[in-house]
Amino acid sequence: MSVASSADTAAAVRPAARVKKAEPPYRLYTLLIFALVIGVWELAPRLGLVNEIIVPRFSKVAVAFYGLVTQPFFPVHLFTTLGEIVAGFAIGVTIGLTLGILLAVFPVAKRVTYPFVVGFQATPKVVFAPLFVAWLGFGMSSKVVMAVVISFFPVLINTLVGLESVPENAKMLMRSIRATRFQTFIKVSLPHALPIIFAGIKAALTFSVIGAIVGEFVGASKGLGYLLDLYNYQLRIDRVFAVIVVLASIGAGGYFLVEYLDRKLIFWREDQAR
Amino acid sequence: MSSAVLSKVDAPAGASRSEGAAAIVQVRGLSKIFHLDERDVVALEGVDVTIREREFVSFVGRSGCGKSTLLNIIAGLLDASTGTVEIAGQPVIEPSKHVGFMFQAPVLLPWRTVESNVLLPAEVMGLDVAAVREKARSVLATVGLGDFLTAYPKQLSGGMQQRVALARVLTYEPKLLLMDEPFGALDEFTREAMNLELLRLAETAGITVIFVTHNISEAVFMSDRVVVMTPRPGKVAGIVDIPLPRPREIAVMQQPAFTGLSFDIRNILGREQ
C-alpha cells in the first residue's frame, strides 16, 4: 500500500559523487600572501624603508618571541591573562544567556528594560576600565569584570533575537500537540536559537580578550597586557610584537575551539555563512 | 442563492462513505473579528457547518475567505469571537489529542531525524515512546519512508518531508484530521500521489478529514462535500455534495459529472465576487 512515488524518492538520493570541478588552490594563495607579508616585514627595515626601532624586522620578532616564551616569568603573565579571559568569557556568556532567555520569555521585562539595554550598548564599555580598577584594585577581578561587561552583550542580544525568531508555524505545531510553554521552549525555541546564540558566543570570546587586555592596560602588575604596556614603554618593540603574537594565538585558538563546538553541536545548519 | 445550489445544500450524500453517520464537528453561528491597529477585520461571519463522522469535507475559497481561520478555530488554536464549535459533542476550548493538524509547510525540526520528528508528539504528551516507536515505524513504512528513519529533514525532498508530517499525525490515530493546504507547496505530480495516498489512509483508518484548499479540482476529487467560502466577510456561500463513487481514481476527473461539479463550485465563487 506504500505509494512512495519514485518521483520524490529519487530527489532524496543526492548525487554524492558529483564530478568536482577543479577548485583553484585557495590555500596556496593564502600562503603566498602570508609569505609576501613576512618578506616585506623582513626587508623593509633591512633596507631602511622604516626605522627598525619602530618596526623591527620579522626575524628579530621571531627571536624575541622565543626569548619571551622561554622566560621563567612568562607563564605567570600568560596564565594570569588566560584566567581573566576564560573567567570573563564564561561569566559573560552565562549572564548573556540568562538575561537573553529572561527577556525573551517575559515580554514585559523586555519592554521595561529595553531602554537600559540600548543605553548600555551605546556606551563604549572601555570607559569603565578605570572605574573597575578603582573599585576592585589591581588584581585579576577588575579585569574579569571588564571582560564580562564587554562580552555578555552580544550573547544577550543574539539569544533574544534567536528565541524571538522561532517560526510561527513551529509554535503552532507545538500548540496543536498540546505542548506546554516550557516544552516548546526546550524542544523548539532553544535549539532553533542555538546557531544565532553561537554567533554571539564567538563575538563574546573576542570581546573578553579585549576586556582583559584593556583592564591590564589601565592598571595591573601581571598579565600580557601589562607586559605589552611595559615593553612599549621600554621601547622593546620586538617584544611588543611577540606579546601581540601570543595574544593573537589565544584569540585564534579560542575561536577555533568555539567554531569546532559549533559544527559539532549545530550539525543541521543549512547556511554555510557563519 | 440559486435553486441549483440550494438543491444540493444538505442533500443526503449519495455515495458518501459517511452516509447516516453521526455529526463529529458542529460549527454554529461562528464569527471571528480580528482587532488590528486601526480597524476591525471580520474574518468569519455567521458560519454554520456540520461534518459527519468519516466524512471528507473540503473548504475552498480565495485567499482571505477565512477558511484557514475556520480550521484554526476548529483545531482550538484560535478563539472564536462569537458562536461555538463542538467536536463529538464537546465544545472546543483547546487542541485535542484526538485531532491531528497538518500545515502547508511540513514543520519538521531540522535537528531531529525522521523517526524522532514523528515521536515528538509522544514525548510532548508524555506517552510511552518505546510503544509509540513501533507504531511510528509502521506508519512511516506505509507512507514509503521505511528506509529513511534516521535521515534528517534537509536530506529529504519536499514531498517526502510532507510525508513525514503526515506520518506524525497518523501515528497518533486521530479521529479528526485538519489539513491546511497540506500539499499546496508540492509540485502537481507529487501532490496527486499524496492526495491518493491520503484518501486511502483516511479511508482505511476511518478518519474524518477537513481539508482546506484553493484548488477546485482537488477539492472535488477528494471530498464527499465541498464547502464554498467567499471573502469580506468570510462566510459560507454554498455547500456542494460530491456523489462520485469511491475509491476515487484519477480517471474520475474525466467524467462529465466531475466537470459539472467543478463548474458548480466555480459558479458559487464567481457569483459572490
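Details
- Look at the alpha carbon pairs under 8 Å that are at least 6 residues apart: their mean separation over the length of the stretch B:97-216 gives a relative contact order of 36 percent.
- Taking the charge dipole of the protein assembly as shown about its Cα centre, with +1 at Lys and Arg Cβ atoms and -1 at Asp and Glu Cβ atoms, the residue from A:LEU49, B:ALA237, A:ASN158 reaching farthest to the positive side is A:LEU49.
- Two-decimal log10 I(q)/I(0) for the stretch A:10-157, as the Debye equation yields it once each C-alpha is a single scatterer, q = 0.10, 0.12, 0.18 Å⁻¹: -0.76, -0.90, -1.03
- Degrees, to the nearest 10: B:158-170 long Cα axis against longest axis of chain B: 90 degrees
- For the stretch B:152-219, the Cα gyration tensor yields ellipsoid semi-axes of 18, 16, 10 Å (square root of five times each eigenvalue, largest first, whole Å).
- Exposure proxy order (Cβ contacts within 10 Å, fewest to most) of A:LEU102, A:LEU228: A:LEU102, A:LEU228
- Per-residue HN-Hα couplings for the stretch B:123-131 [Karplus 6.51, -1.76, 1.60; θ = phi - 60°; Hz; x = Gly/Pro]: 4, 5, 8, x, 7, 6, 4, 4, 5
- Listed peptides A:137-147, B:108-118, B:194-204 appear in the order A:137-147, B:108-118, B:194-204 once ranked by packing, highest mean of other Cβ atoms within 10 Å at the front.
- Sequence-distant lysines (8 or more away, or on other chains) whose Cα lies within less than 16 Å of A:LYS187: A:LYS171
- Approximating the spin labels as points 7 Å out from Cα along Cα→Cβ, the B:ASP37-to-A:VAL76 distance works out to 6.4 nm.
- Backbone HN-Hα couplings from phi across the stretch A:39-54 [Karplus 6.51/-1.76/1.60, Hz, Gly and Pro as x]: x, 5, 4, 6, 7, 4, x, 4, 7, x, 6, 10, 6, 5, 5, 8
- Compactness of the stretch A:67-152 as Cα Rg over 2.2 N^0.38 Å, two decimals: 1.39
- Mean-square fluctuations from a GNM of chain A, with a 10 angstrom spring cutoff on Cα atoms, peak among A:PRO195, A:PRO25, A:PRO124 at A:PRO25.
- Over chain A: helical MRE at 222 nm, DSSP H runs n ≥ 4 each giving -39500 (n - 2.57), nearest 500: -24500 deg cm²/dmol
- Chain A: most fluctuating residue of A:ALA122, A:ALA212, A:ALA252 per GNM, C-alpha cutoff 10 Å: A:ALA122
- Point-to-point label distance, A:PHE138-B:ARG246, nm (Cα→Cβ direction, 7 Å offset): 8.8 nm
- Kirkwood hydrodynamic radius over Cα pairs of chain B, then Stokes diffusion coefficient at 37 °C and 0.692 mPa s, in µm²/s: 171 µm²/s
- The mean sequence separation of alpha-carbon pairs under 8 Å and at least six residues apart, normalised by the residue count of chain B, gives a relative contact order of 27 percent.
- Compactness index (Cα Rg / 2.2 N^0.38 Å), the stretch B:175-273: 1.07
- Three semi-axes describe the equivalent ellipsoid of the stretch B:113-190; taken as square roots of 5 times the Cα gyration tensor eigenvalues and ordered largest first, they are 21, 15, 10 Å.
- Put a dot 7 Å past the Cα of A:TYR255, heading toward its Cβ, do the same for A:LEU31, and the two dots end up 2.1 nm apart.
- Distant-in-sequence amide H partners of B:PHE56 (H built 1.01 Å from N, under 5 Å): B:VAL209, B:ASP224, B:ARG225
- Using only alpha-carbon positions in the stretch A:75-226, the gyration tensor eigenvalues give semi-axes of 36, 16, 10 Å once each is multiplied by 5 and square-rooted (largest first).
- Straight-distance crosslink candidates among aspartates and glutamates, where the alpha carbon sits under 18 Å from A:LYS143 and sequence neighbours closer than 8 are dropped: A:GLU84, A:GLU216, A:ASP229
- Here B:LYS97 and B:ASP48 are evaluated by their C-beta separation; at R0 = 22 Å the FRET efficiency comes out at 0.25.
- Cα convex hull volume per residue for chain A (Å³): 201 Å³
- Entries of B:LYS67/B:LYS135; B:LYS135/B:LYS175; B:LYS175/B:LYS235; A:LYS125/A:LYS202; B:LYS32/B:LYS235 with Cα pairs more than 21 Å apart: B:LYS67/B:LYS135; B:LYS175/B:LYS235
- When each of B:GLU53, B:GLU38, A:GLU164 is scored by the number of other beta-carbon atoms lying within 10 Å, the sequence from fewest to most is B:GLU38, A:GLU164, B:GLU53.
- The coefficient of translational diffusion for the stretch B:115-252, derived via Stokes-Einstein from the alpha carbon Kirkwood radius under 10 °C and 1.306 mPa s, stands at 97 µm²/s.
- R0 of 41 Å, Cβ-Cβ distance B:ARG271-B:THR204: FRET efficiency to nearest 0.05: 0.60
- Sites B:ARG62 and B:ALA141 - FRET efficiency at Förster radius 30 Å, r taken between beta-carbons, to 0.05: 0.20
- A cut-off of 5 Å between modelled amide H atoms, ignoring neighbours fewer than 5 places along the same chain, links B:SER81 with B:SER31, B:LYS32, B:ILE33.
- Sequence-ordered 3J(HN,Hα) estimates for the stretch A:194-202 from the Karplus curve with 6.51, -1.76 and 1.60 and θ = phi - 60° stand at 3, x, 6, 4, 5, 4, x, 5, 4 Hz, glycine and proline given as x.
- Cα-based radius of gyration of the protein assembly as shown once divided by 2.2 N^0.38 Å, which approximates compact folds: 1.35
- log10 of Debye I(q)/I(0), alpha-carbon scatterers only, for the stretch A:153-274 at 0.15, 0.18, 0.21 Å⁻¹: -0.78, -0.95, -1.12
- Stretching A:SER59 away from A:VAL161 to a fully extended chain increases their span by 32.0 nm, per 0.36 nm per residue minus the current alpha-carbon distance.
- Highest average packing first - B:211-222, B:259-270, Cβ atoms within 10 Å: B:211-222, B:259-270
- Taking the DSSP bridge list for the protein assembly as shown and keeping only pairs wholly inside it, about 55 percent are antiparallel.
- Ordered by the number of other Cβ atoms lying within 10 Å of each residue's own Cβ, fewest first, A:ASP238, B:ASP37 fall into the sequence B:ASP37, A:ASP238.
Computed from the coordinates by the stated procedures, all read-outs in this text should not be read as laboratory data. Quick caveat, the model's predicted, so the values are computed rather than measured. Cβ atoms come from the backbone with ideal geometry, glycine included; neighbour counts cover every protein chain shown.
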